[in-house]
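Notes follow the structure.
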Amino acid sequence: MKIAMIGQKGIPATYGGVERHVEELAAQLVRMGHEVTVYCRKHYTSEKTTHRGITLKILPSIHTKHLDALSHSMAAVADAVRSSFDVIHFHAVGPASLTWVPRLFWKKKLAVVATVHSADWRRRKWGVFAKACLRAGAWAAMRCAHRTIAVSQEMTDYFAARGGEVAHIPNGVERAERQAIRELARFGVKEKKYILWIGRFVPEKRVEDLVTAFRSCRTDHTLLLAGETDPSDTYFRRVEDATEGDPRIIFTGGLYGRAKAEAFSHAALVVQPSELEGFPIALLEAMRYGRPVLASDIPAHLEAVTPGRNGFIYKMGDVDALKRNLTWALAHARETEQAGRRAESDTRSYDWTKIAQSTETIYQEAVSRARPRHRK
């Protein structure tokens, strides 16, 4: 099949769970013999034309908070419907608001698939109008696509309660590639002597909770906050202010490739204090590396973390509970390491090959619905 993927910023993936998902899924589909084109935004992807056997098509976008995804998706759809694709696969609810457009071209019998990665309309950054538009995108993903996928059980149940037929296909995780500390040496970190948070500095991540809890802990561990930083961003400044210059807290910037592998390889604990997630790849990565994880008790985390078995959970937003769990975890290295080993074993089921095979089945069903066979 010839498949187009629309909605992601682009690949190769640097930051962004959707981008990681698209890259790994597309690469597996290529290995299975499909032709995959990923539409990319100029500000995210370099002037490459192929990556891991995937065709990259770079189109411009209006690079603003509200128009970046929509403008690029509109350009990508306009290009895709003129091409010879069998399947157009939309990612995220914003771009999914355009799932009805390819279906106007009924003579081409284009199969339309949409993947919902998270409840984006719940993010704090959006105003009332933007949230309404994102809810409309979720509705379109459910009603206008031939087949719809959700990466979390929570979102699958959300759509099912509203009469939607949605397949649950989770995110996957790559095999761990452990690395000795080399690139991270510039931060002065030592093996098993640092706590790691990795992600984007957005309010839903609640990084300030972790900073506050850590600062009240008596420990000689370091806290690494790994993510792209923007000094002009209001939320990042709030997190920075919360550190009050504590020398144990280090902003590493974005960690990619070997540096990220080093960080996951030797963390004493990986903490995810989020209030909203889809099905977080960063959490799966930490677990795949055999690292102990401490996460807030939101449904997306509980899909992967079994409290006391392969990780630890605290009540989201309860900074005192987070502090108590941090203190306990750092004082009980044996128990946390055992949980990490169980996490490594448990996450082997989140395999990109299996995920691509399940997605291929969804494509086949979508094509069948788009091009029904006429009875004689």
Matching entry among 30, 36 (being surrounded by 22 or more Cβ atoms within 10 Å (Cβ to Cβ) and under 17 Å from residue 87 (Cβ atoms)): 36
Output yes when any residue across the range 289-299 is crowded, with 17+ Cβ neighbours inside 10 Å and over 28 Å from residue 153 (Cα atoms), and no when none is. no
Looking for whichever is farther than 30 Å from residue 145 by Cα, at pLDDT 95 or above and surrounded by 15 or more Cβ atoms within 10 Å (Cβ to Cβ) here; the options are 313, 362. Which one fits? 313
Name the pairs whose Cβ atoms lie under 9 Å apart, with the first residue in the range 338-362 and closer than 11 Å to residue 170 by Cα, the second basic (Lys, Arg), and 6 or more positions between them or separate chains? 350/288; 356/31
Just to be sure I understand the filter: pairs with C-beta atoms under 7 Å, separated by 6 or more residues or on different chains, first member in the range 315-330 and in a loop (DSSP other than H, G, I, E, B), second member of a type in the set (Val, Ile, Thr). Which pairs pass? 316/298
The range 198-244: number of residues that are of a type in the set (Lys, Arg) and over 19 Å from residue 319 (Cβ atoms): 2
Would you confirm whether or not the range 96-103 contains a residue that is of a type in the set (A, V, I, L, M, F, W, C), in contact (Cβ under 8 Å) with a residue 60 or more places away in the chain and in contact with a His (Cβ under 8 Å, 6 or more places away or on another chain)? no
Filtering the range 336-359 down to residues that are of a type in the set (Ser, Thr, Tyr) and either surrounded by 15 or more Cβ atoms within 10 Å (Cβ to Cβ) or modelled with pLDDT of 95 or more (or both), which residue is farthest from residue 114 (Cα to Cα)? 336
Considering only residues that are surrounded by 17 or more Cβ atoms within 10 Å (Cβ to Cβ) and part of a loop (DSSP other than H, G, I, E, B), which ones fall in the range 188-204? 189, 199, 201, 202
If the requirement is being under 30 Å from residue 347 (Cα atoms), out of contact with any strand residue (DSSP E or B) (no Cβ under 6 Å at 6 or more places or on another chain) and acidic (Asp, Glu), which of these qualifies: 244, 240, 177? 177
If you scan the range 158-171, which residues turn out to be at pLDDT below 95 and not hydrophobic (A, V, I, L, M, F, W, C)? 158, 162, 163, 164, 165
When you scan the range 5-33, how many residues do you find that are under 18 Å from residue 72 (Cα atoms) and among the aliphatic types (A, V, I, L, M)? 6
Being surrounded by 21 or more Cβ atoms within 10 Å (Cβ to Cβ) and either closer than 16 Å to residue 366 by Cβ or not assigned by TED's automatic domain parsing to the domain that holds residue 280 (or both) narrows it down to one of 93, 128, so name that one. 93
Filter the range 101-132 down to the residues that are farther than 21 Å from residue 18 by Cα, in a loop (DSSP other than H, G, I, E, B) and out of contact with any Pro (no Cβ under 8 Å at 6 or more places or on another chain) and list them by number. 101, 105, 109, 127
Complete set of residues in the range 144-187 that are touching a residue at least 24 places away in the same chain (Cβ under 8 Å), surrounded by 16 or more Cβ atoms within 10 Å (Cβ to Cβ), in a loop (DSSP other than H, G, I, E, B) and small (Gly, Ala, Ser): 145, 152, 172, 176
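Here's the yes/no breakdown for (1) on the phi > 0 side of the Ramachandran plot; (2) under 19 Å from the mean Cα position of the chain (by Cα); (3) not in a strand (DSSP E or B):
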| site | (1), (2), (3) |
| --- | --- |
| 40 | no, yes, no |
| 45 | no, yes, yes |
| 62 | no, no, yes |
| 66 | no, no, yes |
| 82 | no, no, yes |
| 89 | no, yes, no |
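The values are calculated or read from the model by the stated rules, or taken from the named source; none is laboratory data. These numbers were taken from a predicted model, which means no experiment stands behind them. So basically every Cβ, Gly included, is an ideal-geometry build from the backbone, and we count neighbours across all protein chains shown.
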